[in-house]
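Here's the structure, in structure tokens; my notes come after.
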Amino acid sequence: MDRRTFLKGAAGAGSLAMSGGFAMPALAQGAAKTLRFVPQANLANFDPIWGTQYVVRNASVLVWDTLYGLDANQKPQRQMVESEEVSADGLTWTFKLRPGLKFHDGEKVLAKDVVASLTRWSARDPMGIMLKNIQKELVAVDDNTFRWVLSKPYPKMLLALGKTNAPIAFIMPERIAQTDPFKQITEYVGSGPTKFLKNEWVPGAKAVFERFADYVPRNEPASWISGGKKMLVDRIEWVVMPDPATAAAALQNGEVDWWEQPLSDLVPLLKKNKNLNVDIGDPLGNVGSFRMNHIQPPFDNPKVRRAVLMALSQEDYMRAVVGDDEALWKTLPGFFTPGTPLYTEEGGEILKGKRDLDAAKKLLAESGYKGEPVVCVVAQDQPITKAQGDVTVDLLKKLGMNVDFVATDWGTVGSRRALKTPPTQGGWSMFHTWHAGSDCVNPAAYPAIRANGDKAWFGWPESPAVEAEVVSWFDAKDLNEEKAAIGRLNKAALENVTYAPTGFFLTYTAWNKKVTGVTKGPIPTFWGVAKSA
Amino acid sequence: MLGYILRRTLSTIPVMAMVGLFVFSLLYIAPGDPAAVIAGDQASPADIARIRANLGLDRPFLVQFGEWAWRTLHADLGTSIFTNLPVTQMIGQRIEPTVSLMLVTLIFAIIIAVPMGVVAAWKAGTWVDRAIMTFAVLGFSVPVFVIGYVLAYTFALQLDWFPVQGYTPIAEGIGPWLSNLVLPAISLGCVYIALIARITRASMLEVLAQDYVRTAKAKGLGQGGVLFIHALKNAAVPIVTVIGIGIALLIGGAVVTESVFAIPGLGRLTVDAILRRDYPVIQGVVLLFSFVYVLVNLIIDILYTFLDPRIRY
């Protein structure tokens, strides 16, 4: 019996016990003002511009507010902004802040704070960098007004300021926002609905947020990170639990109220517990992937890349990642998030239908592949990447490729994938990862889809056709033009095999029935969430 | 004796310096890059390079080591690359749970294991001996996390006697403090009980065959007096040694136990720091652990002289 099997059994037994009506411990009683939440990962640092991990972003939306926020339809809505005005030539944007905004230290939010915050953000964010490249002026006109003057129109301005992809354009006090964007801030003062209690922060174990009494929510209903962010609990404790069985037991026992991402193996057991709700957390899910190194043999040869794509079975990958719950995954003949406006399957035939290993072998033979080693690096401390790596290695062996499987930790993969040297000299041929579906709704914050050679994401794919369609999307005037551009982009990226999509998968979230107001979204939102005693 | 203690204490300094150099060198040559972890999955190589430069990780080894050694000599263990918090503060936050866990485990294990070993020796060759030794072998063989899950299921989920996870500081009361520690201490203690019980049995068997034990019995001393007054004291040197060695095992076991019971201790801090390549934290924790080992060895050496007056330095 391995550890994973054992923990399923242990947690499952607990679930059955709870179904049988065993009492909750005293710890969970009478604590309706405190919500205990188990996040997907440890909040190890807390600067949403410096560190772009999802867990940092998710904590940051509690503390820092944004000028705009995406709603559930992925439309940017005003958040800190009261009004905006764009000149007829599309070059000058003037924004007014809504009144009554305050930071947690009691200071008013002023336009100069916004200017400093946007300046820091635009040094790190892909859309921010684009804006910075065409920026003529970003200034505070008065305490409540700021102006952004560009050298060419940027139709995606509001999306840039309201998107959910990290780094989000959070607004901080000027003194903090003046920190070098590549250095970490040390003060966590925002104007969001909760304050971060730094004195109670135990990185790796606990992070605490307290309701900000002076926060003035908008009047509109909350929707994702937009609208009225009304806090109904006084205190939110993030309890970091590295062991999934412990998290499952703590949720069943009432010691925690909400577990962001239960291990899929444990979900059936949690579903049996009458005290718990279990549902899909983020409808935008995730796109599984592996990237091949386009500048080193054998994957510098597009035929070799296509042979792998032709042979891979996304079903194999998805079953390895999320198990046999078919509600959790679907095949993905493309790169964009299913169910979103720009989703397309154009050019996706190579990933559809019965997998043809013989044809793939034939293509591989035609490519001139001569048994060059394929160094496949996998972070085995991340179950999703490890599961995908196992499938890939099996696939490549079936194809007759010479695979060197390097199962290591994420720290090593993270540094090794930056090397451009040949695989035999410390470099790599392929690595596995996944992208949040919310990052894959369009090319704006989707570096993995770019194919601009040296400037591209790891693997350094180069395809003028892909890049041309990225530009087409940015320049598109309406949704139809955007869709057309994305269709062509999808086709070009599959021809280039910019990366290999391994399928689309969802994850569950689980919470105690005493907790109400949990909504679906790419970020767990706490406004509107209440807990009964 | 005082001179010996002073000499031993001073000898820890070069040991610690060597440990520091060794750990620093290992981290320098080990694969992995904290900048890559910090930057996140979507970062570009240029972002990572910039973060590395800001953290000073692109400087030559000797410069980095010299700076670290100088700071350490001034009792400054540096700042965590990830949390931006002082390493001493991070260690300080984690010491109490780990020390509490080790202390409760140690007391629990000694209270159970020493009498077990004594009884097994006394009843050597009988079913009692075999039962105790079977238990000891089981305790040593079953992984800590398995025992942990079984205990959590039985005593937390089924019986609702203890919490599943977490740690309550002792300042909030002995009861709440203990309630969080009972299950982890038992699961961690099982390995330790097995180890101490086996050594106690072996050592007692040797002592019970000595002439002075026979003399004590001949003088009419009761069984308890023979075992616990005469024999146990003379069998204590190996037992004390194994308890000392066991502290090393406890630190290793604490890593797993702290994860299973979500205790925010030094074990978890160490694992997290290693996975993230948080060099200053790793160095700080390793130095602390090294200091504990050296200190435990020193205490054991001193205890020897009290337990066996023939031992002199």
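The values are calculated or read from the model by the stated rules, or taken from the named source; none is laboratory data. Remember, predicted model here, so these are calculated numbers, not experimental data. Neighbour counts are summed over all protein chains in view; Cβ atoms, including those assigned to glycine, are modelled from backbone coordinates with ideal geometry. Surface areas here come from the heavy atoms of the whole protein model, side chains and all, with no ligands, DNA or RNA. Shrake-Rupley method; radii C 1.70, N 1.55, O 1.52, S 1.80 Å.
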Only one of B:LEU62, B:LEU57 is open to solvent by less than 40 Å² (accessible area, probe 1.4 Å) and either more than 7 Å from every other protein chain (Cβ to nearest Cβ) or part of a loop (DSSP other than H, G, I, E, B) (or both), namely B:LEU57
Taking into account only those residues within the range B:1-16 that are of a type in the set (A, V, I, L, M, F, W, C) and part of a helix (DSSP H, G or I), which is surrounded by the fewest Cβ atoms within 10 Å (Cβ to Cβ)?
B:LEU2
Restricting attention to the range A:109-142, the residues that are over 16 Å from A:LEU158 (Cα atoms), open to solvent by 60 Å² or more (accessible area, probe 1.4 Å) and either outside the structural domain of A:ASP47 (by the TED database) or in a strand (DSSP E or B) (or both) number exactly 4
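Would you mention how many residues in the range B:160-181 are at positive phi and either crowded, with 22+ Cβ neighbours inside 10 Å or of a type in the set (Asp, Glu) (or both)? If you could, list the steps in order and put the result at the bottom.
Of all residues in the range B:160-181, those at positive phi come to B:160, B:166, B:173.
With either crowded, with 22+ Cβ neighbours inside 10 Å or of a type in the set (Asp, Glu) (or both) added as a condition, the list becomes B:160, B:166.
Number satisfying all stated conditions: 2.
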Quick check on the range B:206-216. Is at least one of its residues part of a loop (DSSP other than H, G, I, E, B), touching a residue at least 12 places away in the same chain (Cβ under 8 Å) and either more than 28 Å from B:LEU266 (Cβ to Cβ) or away from chain A (no Cβ under 14 Å) (or both)?
yes
Which count do you get for residues in the range B:187-198 that are crowded, with 22+ Cβ neighbours inside 10 Å and either not small (Gly, Ala, Ser) or not assigned by TED's automatic domain parsing to the domain that holds B:ILE147 (or both)?
6
Answer residue from the range A:232-248, given it is open to solvent by less than 10 Å² (accessible area, probe 1.4 Å) and of a type in the set (A, V, I, L, M, F, W, C) and is farthest from the other protein chains (Cβ to nearest Cβ) among those:
A:VAL233
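Tell me yes or no: at least one residue of the range A:163-171 is basic (Lys, Arg), under 28 Å from A:PRO524 (Cβ atoms), in contact with a Leu (Cβ under 8 Å, 6 or more places away or on another chain) and part of a loop (DSSP other than H, G, I, E, B). I'd like the intermediate steps shown before the answer.
Kept after step one, since they are basic (Lys, Arg), are these residues of the range A:163-171: A:163.
Now narrow it down to the ones that are under 28 Å from A:PRO524 (Cβ atoms): A:163.
Then drop every residue that is not in contact with a Leu (Cβ under 8 Å, 6 or more places away or on another chain), which leaves A:163.
Checking which are part of a loop (DSSP other than H, G, I, E, B) leaves us with A:163.
Yes, because at least one residue in the range A:163-171 is basic (Lys, Arg), under 28 Å from A:PRO524 (Cβ atoms), in contact with a Leu (Cβ under 8 Å, 6 or more places away or on another chain) and part of a loop (DSSP other than H, G, I, E, B).
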Quick check: is even one residue across the range B:57-68 among the charged types (D, E, K, R) and either farther than 28 Å from A:PRO48 by Cα or in the same structural domain as B:VAL285 (by TED's automatic domain parsing) (or both)?
yes
Would you mind telling me which numbered condition in (1) under 30 Å from A:VAL239 (Cα atoms); (2) touching a strand residue (DSSP E or B) at 6+ places or on another chain (Cβ under 7 Å); (3) open to solvent by less than 20 Å² (accessible area, probe 1.4 Å) A:ASP214 fails?
(3)
Can you tell me which residue is nearest to the chain's Cα centre (by Cα) among those in the range A:396-417 that are open to solvent by less than 30 Å² (accessible area, probe 1.4 Å) and small (Gly, Ala, Ser)?
A:GLY414
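Among what's in the range A:267-280 and is open to solvent by less than 20 Å² (accessible area, probe 1.4 Å) and assigned to a helix (DSSP H, G or I), pick the residue that is modelled with the highest pLDDT. Quick ask: steps written out before the conclusion?
So in the range A:267-280, the residues open to solvent by less than 20 Å² (accessible area, probe 1.4 Å) come out as A:267, A:270, A:273, A:276.
Checking the rest, the ones that are also assigned to a helix (DSSP H, G or I) come to A:267, A:270.
Numbers: A:VAL267: 91, A:LEU270: 94.
Result: A:LEU270.
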Those residues of the range B:125-141 which are open to solvent by 50 Å² or more (accessible area, probe 1.4 Å) and either outside the structural domain of B:ALA197 (by TED's automatic domain parsing) or in contact (Cβ under 8 Å) with a residue 24 or more places away in the chain (or both) amount to B:PHE135, B:VAL137, B:LEU138, B:PHE140
What residue, of A:ALA444, A:ALA448, A:ALA510, is under 30 Å from A:ASP65 (Cβ atoms) and either in a strand (DSSP E or B) or of a type in the set (Ser, Thr, Tyr) (or both)?
A:ALA510
Mind checking which residues of the range B:266-278 are of a type in the set (Asp, Glu) and open to solvent by 30 Å² or more (accessible area, probe 1.4 Å)?
B:ASP272
Tally up the residues in the range A:189-215 that are touching a helix residue (DSSP H, G or I) at 6+ places or on another chain (Cβ under 9 Å) and polar (S, T, N, Q), please.
2
From the list A:ALA448, A:ALA484, A:ALA530, which residue is more than 26 Å from A:ALA387 (Cα to Cα) and either in contact (Cβ under 8 Å) with a residue 40 or more places away in the chain or crowded, with 24+ Cβ neighbours inside 10 Å (or both)?
A:ALA530
Right, B:ARG94: basic (Lys, Arg) and either in contact with a strand residue (DSSP E or B) (Cβ under 9 Å, 6 or more places away or on another chain) or at pLDDT 90 or above (or both) or not?
yes
For the range B:256-265, which residues satisfy the criterion of being more than 7 Å from chain A (Cβ to nearest Cβ), open to solvent by less than 10 Å² (accessible area, probe 1.4 Å) and in a helix (DSSP H, G or I)?
B:THR257, B:GLU258
Out of (1) within 20 Å of the chain's Cα centre (by Cα); (2) polar (S, T, N, Q); (3) within 14 Å of chain B (Cβ to nearest Cβ), the odd one out for A:GLN184 is which?
(1)
Subset of the range B:38-53 (residues that are open to solvent by 30 Å² or more (accessible area, probe 1.4 Å) and either at pLDDT 80 or above or outside any helix (DSSP H, G or I) (or both))
B:ASP41, B:GLN42, B:SER44, B:ALA49, B:ARG50, B:ARG52, B:ALA53
Of the criteria (1) open to solvent by 70 Å² or more (accessible area, probe 1.4 Å); (2) over 23 Å from A:SER226 (Cβ atoms), which one A:GLY106 fails
(1)
Would you be able to say whether some residue in the range A:344-352 is buried (at least 23 other Cβ atoms within 10 Å of the Cβ) and at pLDDT 95 or above?
no
Residue in the range A:281-303 that is nearest to A:TRP457 (Cα to Cα), counting only those that are among the aliphatic types (A, V, I, L, M) and open to solvent by less than 30 Å² (accessible area, probe 1.4 Å):
A:MET292
Matching entry among A:LYS206, A:LYS229 (being modelled with pLDDT of 90 or more and open to solvent by 10 Å² or more (accessible area, probe 1.4 Å)):
A:LYS206
Name every residue in the range A:283-305 that is over 27 Å from the mean Cα position of the chain (by Cα) and assigned to a helix (DSSP H, G or I), in order of residue number.
A:PRO302, A:LYS303, A:VAL304
May I ask you to say which residue of A:PRO48, A:PRO126, A:PRO76 is more than 30 Å from A:LEU251 (Cα to Cα), touching a residue at least 60 places away in the same chain (Cβ under 8 Å) and within 14 Å of chain B (Cβ to nearest Cβ)?
A:PRO126
Could you tell me whether the range A:423-440 includes any residue that is buried (at least 16 other Cβ atoms within 10 Å of the Cβ), at pLDDT 90 or above, in a loop (DSSP other than H, G, I, E, B) and of a type in the set (Gly, Ala, Ser)?
yes
